[in-house]
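Okay, so here's the structure we're looking at.
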Amino acid sequence: MEYIERVLEALKRKNPGESEFQQAAEEILTGLKPIVERHPEYEKTALLERFTEPERVIMFRVPWTDDHGNVCVNRGYRVQFNSAIGPYKGGLRFHPSVNLSVIKFLGLEQILKNSLTGLPIGGGKGGSDFDPKGKSDGEVMRFCQSFMSELYRHIGQDTDVPAGDIGVGGREIGYLFGQYKKLTGLHVGVLTGRGLSYGGSLVRTEATGYGLVYLTAKALERRGDSFEGKTVVISGSGNVAIYACEKAQSLGAKVVAMYDSNGYIYDGEGIRLDVVKQIKEKERARISEYAARVKGAVYCEGCKGIWQIPCDIALPCATQNEIDENDAAALVKNGVKYVGEGANMPTTLAGISVFQNAGVVFLPAKAANAGGVATSALEMAQSSGRMFWSFAEVDAKLKAIMENIYEQMDATAESYGCAGNYVAGANIAGFEKVAEAMMAQGIV
Ligand code: NDP
Ligand code: 2IT
């Protein structure tokens, strides 16, 4: 049996029931075939076995008290996956579906994503099965304080720098930072996505969504096309979805649909983002509200129907496995030409095959959504340098990083004999640097 297949089989045996982690590992390792064939030394030094085994997994109890005096217990995680090219870096997710498999898949993806940014950041991820939905600010604060009361001893500005992800935005980062500072006395860049008044960076809020559109726009431009006049469907209505919508609209696209976990809205006139921001960012309410406020818009219960809406460009920006092979087939049938993954692993392996076989330009998550973590690294640079860059400065750096990622994965796919296959291109381009750093540092 070939090296990659053996590693994958052992990984599945060793991590039973971890379906998301197994899926991410399969996507990544399969794409690495051409580079592994060129480097027999990888097998001799068990490089892939080391690459797929986290350096450290931390799991902990998070007890907190709700507004009625009930004691609740959640589970906290931090997976410090790979520090070959820099300190562990990656978000925290608070969502009831969080388990070790989800955090490990996100951590593995993060290693290669962070490498693609060209900045010195390793890969990590964390979170909890805590559900912030419906909780008061006080409950969220007490949860965050308890979570940090354990996490603080494992992180640091030069060792591990967490940030946001699903369920963790500016409010949560603020509470987490406050508790870290209280426990350590350090006002340092140990978390990114901080508020602008206490060390955050301009553009970090917008970065993932803007970056997704910058990279997709590059793919369009290379084909003599642009966002102008295109119909776009965006799933999710959180941080990534909102700023992807904002940038796509500013480039002349018409975004016609978005969703949350209950259902989707369709607005043939083009989504009014000010209304979405009011509902989701200010009121923390449900997207169904949109149809009650905007004439002509409709709300449909359930998420799946969104992929039946004809569009030129689909930007899945909610969560993993939201597009399966049937959804992909519906999108293809209705004429989709580009798919840019804003979420992490939003397309199943079978869904990816449907897009690639149909000649859709498929832009995988670890490249397409790298703008968030890239801007986090720019926030770290500003923190260390005691500097504060202007919006225009950070935005220009973000755009350049995203365009460079596109060129890198395009050129890499071509040079390894799989032109246009950006899944392989992004995996190989990200892996090259991590592999070189791991080889240079010996068996550690
Ligand atoms: P938010 O919490 O801000 O928003 C998440 C959105 O996705 C909400 O609309 C939420 O709906 C929806 N959603 C979550 N889970 C599900 C589900 N199971 N089914 C349907 N809808 C769901 O998170 P972000 O926007 O930050 O993150 C979205 C995706 O982007 C994630 O995959 C994340 O890993 C990825 N990402 C985020 C980055 C960042 O900088 N924030 C960077 C790179 C990637 P509801 O409110 O109903 O739960
Ligand atoms: O998936 C991701 O890249 C993020 N959630 C952002 C991580 C970060 O450290 O900014």
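Since every read-out is calculated from the coordinates, none of them should be taken as a lab result. In this text the structure is predicted, and so the values were computed from the model without any measurement. Virtual Cβ from ideal backbone geometry, glycine too; neighbours counted across all protein chains shown.
When +1 charges are put on Lys and Arg Cβ atoms and -1 charges on Asp and Glu Cβ atoms, the dipole computed for the range 90-236 relative to its Cα centre reaches about 80 debye. If only the Cβ of Lys and Arg carry +1 and only the Cβ of Asp and Glu carry -1, the dipole of the range 78-160 around its Cα centre is close to 120 debye. Rg/Rh, computed from the Cα trace of the range 305-444 with Rh as the Kirkwood radius, has the value 1.04.
Each of the peptides 237-244, 415-422 was scored by the mean count of other Cβ atoms within 10 Å over its residues; in descending order, highest first, they stand as 237-244, 415-422.
Which listed residue (380, 316, 188) has the Cα farthest towards the positive end of the charge dipole for the chain, taking +1 on Lys and Arg C-beta and -1 on Asp and Glu C-beta about the Cα centre? It is 188, whose Cα lies furthest towards the positive end.
Translational diffusion coefficient of the chain at 25 °C, 0.890 mPa s, Stokes-Einstein with Kirkwood Rh over Cα pairs, in µm²/s as a whole number. Translational D for this selection: 112 µm²/s. Each Cα pair of the range 188-268 feeds into the Kirkwood radius, which the Stokes-Einstein equation turns, at 10 °C and 1.306 mPa s, into a diffusion coefficient of 114 µm²/s. Packing, as the average of other Cβ atoms within 10 Å across residues, places the peptides 103-111, 380-388, 301-309 in the order 103-111, 301-309, 380-388, highest first. Using a cut-off of 30 Å between Cα atoms, the listed pairs 135/181; 89/280; 295/399 include 295/399 as exceeding that distance.
When shorter helices are ignored and each DSSP H run of at least 4 residues is given -39500 (n - 2.57), the per-residue value for the chain at 222 nm works out to -14500 deg cm²/dmol. Each listed q (0.11, 0.19 Å⁻¹) maps to a log10 I(q)/I(0) for the range 228-381 from the Debye sum over equal C-alpha point scatterers, namely -0.39, -1.16.
Out of all DSSP beta bridges in the chain, what portion is antiparallel? Express it as a percent rounded to 5. Expressed as a percentage, antiparallel bridges in the chain total about 50. Partners of residue 277 within straight-line reach, counting aspartates and glutamates whose Cα lies under 15 Å from its Cα and excluding those fewer than 8 residues away in the same chain: 206, 246, 260, 289.
At a Cα cut-off below 27 Å, give the lysines reachable from residue 44, other chains included and same-chain residues fewer than 8 away excluded. Candidates past the 8-residue exclusion: 12, 14, 33, 104, 113, 433.
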